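Structure record follows, encoded as structure tokens.
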Amino acid sequence: MKVLVLRSSFNPGGAEVLLLNLFNFPQHKITFFYILMKESDLISQLDSNTNKHYEYLRKKAIDLRVIVKTYKLIKKENIQNIHTHQLIELIYALIIKAFIPRINVYHSIHGVFNLNWYIMLEKILIKLTKKTFTVSESTKKTLVKMGYPEKKIHILYNAVNTPSELSEEDKILFYKKIEFIENNFIIGMVGNFVPEKDQLTLIKAFNLISNTHPNAKLIFIGKESQQEIKCKEFVFNNHIKNIYFLGSIQNANKYLQLFNVFVLSSKSETFSIALFEAILAKVPVIASDLPVFQELSANGRYFTLFRTGDEEDLAGLLDRYLIDILDSKFIDKLDLTYNYARSNFGYDLYIDKLFHYYSN
């Protein structure tokens, strides 16, 4: 089976990590052809003996040259399916389908946008797809409330890879960046500084426990923005020590094994690859009690939830984690959660589900 994946932006992010790992995952059920329409950081990491990628860089929103090249590739390779993950890609796919009616178009919705024009256009265009996917049941419910056609949307949970191995050299360099000394306790969050994330609540919670746990350090990994500046200003104005902003780091997941606790403090989410990467690194996880994390944690069975935006509730959990980290029940829950993630969010299962959807 041959599938063309159109991708406009391929810089680090949740959907992009999913697509990168999908391309590189060794399997023989589906041959993927990636068309990248913008110069992007992750292109150099595409590495497969069976899949192929092409850079057809667009110079404007709808670039006819890219459409013609894509059309020729589909004809040459006899590709049956196109899969898109952004609205602009879906528009390209449907233009091509107008000229090649046999093509099946599939679309994935990874996030919920607040732009009225975006929502209206996507709601119309997904009616022209064979199937549209979203990444959780809670996200589907949100989309249906917004007027998306319920019968068109299928649940396809994201896949997650076990984090990369960490070399001793990388470990030493990382510890140097955060001025690590023996018996330090690392609380970490991986996520870009975007409006959906809530790093500030985590900072406030850390401030509440910093006096009683002076050996604790708080680490942020993620792309900088104005939101990060506001967080740094809060840290500076309140004289909070042991907080480190490390910026965007390539293959950041390999550092997760150095965390003692992974925290995902968010205002809105549809899934979180970073959260499950932490689970697969056998790191305990605390996350905001958003509907999606209630769903994915089985209401707190597999990882712990705190009241969204409540720094006191989060501080209480962090305080308990620092005390109970070596408790045998605590370690048993980590093993349970690890097995849950391995069984439900592996790329082998994801490929099987894709193959099923493409075939029916």
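The values are calculated or read from the model by the stated rules, or taken from the named source; none is laboratory data. Remember, it's a predicted structure, so these values are computed and weren't measured experimentally. Here the Cβ is made from the backbone with ideal geometry for all residues, glycine too, and neighbour counts use every protein chain on show.
Remarks
- Some residue of the range 193-203 being surrounded by fewer than 20 Cβ atoms within 10 Å (Cβ to Cβ) and in contact with a Cys (Cβ under 8 Å, 6 or more places away or on another chain): yes
- Residues in the range 163-192 that are among the acidic types (Asp, Glu) and assigned to a loop (DSSP other than H, G, I, E, B) were compared, and the one that is surrounded by the fewest Cβ atoms within 10 Å (Cβ to Cβ) is GLU182.
- Qualifying residue in the range 21-38 (condition: charged (D, E, K, R), over 19 Å from TYR350 (Cα atoms), in contact with a strand residue (DSSP E or B) (Cβ under 8 Å, 6 or more places away or on another chain) and not in a helix (DSSP H, G or I)): no
- The one condition in (1) over 20 Å from ILE91 (Cα atoms); (2) at pLDDT below 95 that SER136 fails to fulfil: (2)
- If you filter the range 299-312 down to residues that are over 19 Å from GLN199 (Cα atoms) and over 19 Å from the mean Cα position of the chain (by Cα), you find that the one that is surrounded by the most Cβ atoms within 10 Å (Cβ to Cβ) is GLY300.
- Pair list, Cβ under 8 Å, 6 or more apart: the range 77-95 residue touching a residue at least 40 places away in the same chain (Cβ under 8 Å) and in the same structural domain as ILE351 (by TED's automatic domain parsing), other residue of a type in the set (Lys, Arg) and surrounded by fewer than 20 Cβ atoms within 10 Å (Cβ to Cβ): GLU77/LYS2; ASN78/LYS2; ILE79/LYS2; GLN80/LYS2; GLN80/ARG102; ASN81/LYS2; ILE82/LYS97
- Residue count, the range 53-62 (criterion: charged (D, E, K, R) and surrounded by 15 or more Cβ atoms within 10 Å (Cβ to Cβ)): 1
- The residues of the range 181-230 that are of a type in the set (Lys, Arg) and either over 18 Å from LYS171 (Cα atoms) or touching a helix residue (DSSP H, G or I) at 6+ places or on another chain (Cβ under 7 Å) (or both), listed by number, are LYS197, LYS204, LYS223, LYS230.
- In the range 4-50, residue modelled with the lowest pLDDT [restricted to those that are among the acidic types (Asp, Glu) and in contact with a helix residue (DSSP H, G or I) (Cβ under 8 Å, 6 or more places away or on another chain)]: GLU16
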